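What follows is a single structure, written as structure tokens, with notes after it.
The values are calculated or read from the model by the stated rules, or taken from the named source; none is laboratory data. Since this is a predicted model, take the numbers as computed values, not measurements. Cβ placement follows ideal geometry from the backbone for every residue including glycine, while neighbour counts extend to all protein chains displayed.
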């Protein structure tokens, strides 16, 4: 039910922002960014629940959490880059949005290097 509320809120925000865009473009931009931030705040409760589940997985894994931690970091970077580049793109700064996405991809590639190196080492030991 919460998903339906957030979806309706998002659609209503977009419709209002489109209506305002012709008369007051600055207010349209502010409304769009405010809507995105409010939806992100609605998501905080879900993020906390996910973090609790991740902690449970960490306790179950014991020693093998280093690769799982990399996965969680990559997921966080992905969501953060997508959210921030979306806001930049909506504000009309497409170049900045692209640079955020490029940085995120590079960060993810660097974060995944330990897994790649461990995989190569494992193959060499066969």
Are any of the residues in segment 70-93 in a helix (DSSP H, G or I) and more than 18 Å from the chain's Cα centre (by Cα)? no
Out of segment 20-33, which residues are in a helix (DSSP H, G or I) and out of contact with any helix residue (DSSP H, G or I) (no Cβ under 8 Å at 6 or more places or on another chain)? 25, 26, 30
Listed by first then second residue, the pairs whose first member lies in segment 62-79 and is in the same structural domain as residue 110 (by TED's automatic domain parsing) and closer than 17 Å to residue 113 by Cβ, whose partner is part of a helix (DSSP H, G or I) and at pLDDT 85 or above, with beta carbons under 6 Å and at least 6 positions apart or on separate chains, are 70/111; 73/111; 74/108; 74/111; 77/104; 77/107; 77/108
Which ones in segment 43-80 are more than 24 Å from residue 109 (Cβ to Cβ), modelled with pLDDT of 85 or more and surrounded by 13 or more Cβ atoms within 10 Å (Cβ to Cβ)? 43
